[in-house]
Amino acid sequence: MDLRTRLLDVKARAQAAAWRLKTSARVYRSTGIARAVKPAGLATVLREAARGRLNASLIFRYHASNSPHAIALIGPAGAHGSITERAYSFFELNDAIDRIAAGLASIGIRKGEAVLVSMKNRPEFIIAQAAIGRLGASAVSVSWRSTPPELEYIANHSHARALFFDSTIESTIAAALPNLPNIQPTHAISVGGKVSTFPTWNDILTAGSTFEEASADAAVVMYTSGTTGKPKGAVRKFQREVLAHVLSFIEQTPMIAGETHLVTCPLYHATAFGFTSFTYILGGSVVVMGDFKPETFLETVERYRITTTAVVPTMLHRILELGPDKIRKYDLTSLKVIFSGGAPLSATLARDVLDTLGDKLYNFYGATETGLVTLAGPSDLRASPGTIGRVVPGQELRLFDDDGRDVPDGSVGELFARSEQLVAGYHADETATRGSMRDGFFSVGDLARRDARGCYHIEGRKRDMIISGGINVYPAEVEAVLDEHPAVLESAVVGIPDREWGERVRAYVVLRADSHVSAEDLTAFCAGRIAKTKLPREIRFLEHLPRNPTGKVLKRELRLVE
């Protein structure tokens, strides 16, 4: 590296540090975080800093000293609990984290090792993740819906040495354990009840008394949903620099200190993990929902005076299907923000939510690998229908063509992001990590365009792009037109092999209740709105679209539907 390059690097680092400092100071003031600091909380931070223990779970130690009696967490208890079965103050939450960390240490879990967490939504999920991090081990989140082979792959790929599992999935664990050479049966811990001979959460809670706290967390490892091929483990570490980026996102929203967040998405997914973390940074309370039911969602918002929540678009569909009269039965005036992400939010659905629930909807784009990249508030959702919003300060976005050149506004390119939030890479998969990078920017394969207002729009996945007769057809564009029809609830478009055209466009459509429309009518509706080359050559009607647990449409399954 020559002298000029070194000087430029030093300048860039200084500018980044200055931005982090200014952003943090500004947001601490504007959200009320600074006003909430008490002497006991400040003393805890200073003490832990002196010991070199500035790990992510410090936030729980801070709140346990700063506001010990404030409610931190409410959620299901027992094997089939619903809401409000168990509440934790910040003091109780931090104590449980310490006790689980000590219990794990007592069975031999050490810094740098991996522990699987496969539970339904419950408080123990949050406690386990924080306790694992406090040891400096890696928490590996796994869907409780996983089959034995799926769980075996992730456990063995991550070299996990212990496992917390929901008592309701005992049969899956029993089937998988013989193929998990790194996990002894005594290290498979049942949560929510005693099953078979497995140790329980309470056994681990009382098993140890001391442990060596790590100076920094090893990581949280989240395996991607694996819509194609084997899932990849995205390794997210918690460098101090990331906090400023989180605060930068918070600054673009109405979130402030001390509010109450409702968790609806699976806690093993990045969306729930992220917004739970944001809430704790702000010193707020977290209410965890079990299985999502639209009317239970509304009841919970009213009962706990919920301020913020994060959902996937499928949940918004289900809430609106209740109808305005039923929705109006509930007092939703406390609700300031509904974050939507994890799957595309159609312009039609966004408009209907805004019209029904008010200007509370915020659409974000991000990935496990990149963190939160863009955000669209209500005004952008109305002015740029279908948008994922504008770049969050601190992020850099590029849209590249296949040759690595920037594309102009209005043109479609592969979306690459760069910031200090990027994951460290994919666990034990250097090839996948290198294949996702370009000049320090990371891509998960999404295609996007930027409009004249500076708002970004997702046009689908690169692997889902259809090439018909040499013409690129972006599924999202066709889906947006289909979704405009008043009879259409939602749609998905895929490419089907065709001898003449290479691929032909096929659409799968779900109709609204009590609505009727023919394939010919839908084709005619599209004909005046998109070019002939993009028109669906086939339309299939379904009762619902196949989705993974986080709401993404499984297009590989759709291609098999005739």
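For segment 377-484, the calculated P(r), taken from all Cα-Cα distances in 5 Å bins from zero up to the bin holding the longest distance, is 2, 11, 19, 22, 20, 13, 8, 3, 1 percent. Can you compute the label reach from I471? Point 7 Å from Cα along the Cβ direction, backbone N cut-off under 16 Å, restricted to segment 507-543. Residues passing the 16 Å test: 507, 523-538. When the charge dipole of the chain is built from unit charges on Cβ atoms (+1 for Lys and Arg, -1 for Asp and Glu) and taken about the Cα centre, the candidate among I189, G108, G366 whose Cα reaches farthest toward its positive end is G108. Within the shell defined by Cβ-Cβ distances under 13 Å, the residues around L511 carry a net charge of -4, with Lys and Arg each +1 and Asp and Glu each -1.
The phi torsions of segment 404-421, fed into the Karplus equation with coefficients 6.51, -1.76 and 1.60 and a -60° offset, translate into couplings of x, 9, 5, 9, x, 4, x, 9, 9, x, 6, 8, 10, 10, 9, 5, 6, 8 Hz, rounded to whole numbers, with Gly and Pro shown as x.
In a reduced charge model with +1 at each Lys and Arg Cβ and -1 at each Asp and Glu Cβ, segment 257-347 shows a dipole moment near 80 debye about its Cα centre. Here the gap between R559 and A175, fully extended at 0.36 nm per residue and compared with their Cα-Cα distance, gives a gain of 135.1 nm.
For the residue pairs K38/K237; K230/K293; K232/K552; K532/K552, the alpha carbons lie more than 19 Å apart in K38/K237; K230/K293; K532/K552.
Summarising the label geometry, the points placed 7 Å from Cα in the beta-carbon direction at L21 and E484 lie 5.1 nm from one another. Applying 1/(1 + (r/R0)^6) with R0 = 51 Å to the Cβ-Cβ distance of S215 and A383 gives a FRET efficiency near 0.60. Here's how it looks for T200: its modeled amide H is under 5 Å from those of S190, which are all 5 or more places away or on a different chain. Sorting H245, H63 by the number of Cβ atoms found within 10 Å of their own Cβ, with the fewest placed first, yields H245, H63. Computed about its Cα centre, the charge dipole of segment 465-558 is approximately 300 debye, with only Lys, Arg, Asp and Glu carrying charge at their Cβ.
Basic side chains Lys and Arg get +1 at the Cβ, acidic Asp and Glu get -1 at the Cβ, and with that the dipole of the chain about its Cα centre reaches some 1440 debye. Near T433, once Lys and Arg are set to +1 and Asp and Glu to -1 for all other residues with Cβ below 10 Å from its Cβ, the sum equals -1. Once the Cβ-Cβ distance of S106 and R29 is raised to the sixth power relative to R0 = 30 Å, the FRET efficiency obtained is 0.10. At full extension, E430 and D291 could sit 46.4 nm farther apart than now, given 0.36 nm per residue minus the alpha carbon distance.
Net charge near I471, counting Lys/Arg +1 and Asp/Glu -1 over other residues with Cβ under 11 Å of its Cβ? Every neighbour counted, the sum reads +1. Extent of segment 465-558 along its three principal axes (Cα atoms, max minus min coordinate, largest first): 38, 32, 19 Å. Phi angles of segment 549-562 translate, via the Karplus equation with coefficients 6.51, -1.76, 1.60 and θ = phi - 60°, into HN-Hα couplings of x, 9, x, 6, 5, 8, 5, 5, 6, 4, 5, 8, 8, 9 Hz per residue; Gly and Pro are given as x.
Look at K111, K532 and count the other Cβ atoms within 10 Å of each Cβ; fewest to most, that gives K532, K111.
3J(HN,Hα) along segment 20-29: 4, 5, 5, 4, 4, 4, 5, 6, 4, 6 Hz, from the Karplus curve 6.51 cos²θ - 1.76 cosθ + 1.60 with θ = phi - 60°, whole Hz, x for Gly and Pro. With bins 20 Å wide beginning at 0, the percent of Cα pairs of the chain falling in each bin runs 20, 54, 24, 1.
Cβ-to-Cβ counts within 10 Å put H159, H427, H69 in ascending order as H69, H159, H427, the fewest first. Take the Cβ atoms of R540 and R512, set R0 to 22 Å, and the FRET efficiency comes out at 0.85.
Each label was represented as a point 7 Å from its Cα along the Cα-to-Cβ direction; for L54 and R13 these points are 1.5 nm apart. Here the sum of -39500 (n - 2.57) over DSSP H runs of 4 or more residues, divided by the residues of the chain, equals -10000 deg cm²/dmol at 222 nm, to the nearest 500.
If the chain linking Q184 and E85 were pulled fully straight, counting 0.36 nm for each residue of separation and taking away their Cα-Cα distance, it would gain 32.5 nm.
Read-outs: derived from the displayed coordinates by stated rules, not from any lab. All of these numbers come straight from a predicted model, not from anything done at the bench. Don't worry about glycine lacking a Cβ; one is built from the backbone with ideal geometry, like all the others, and counts go over all protein chains shown.
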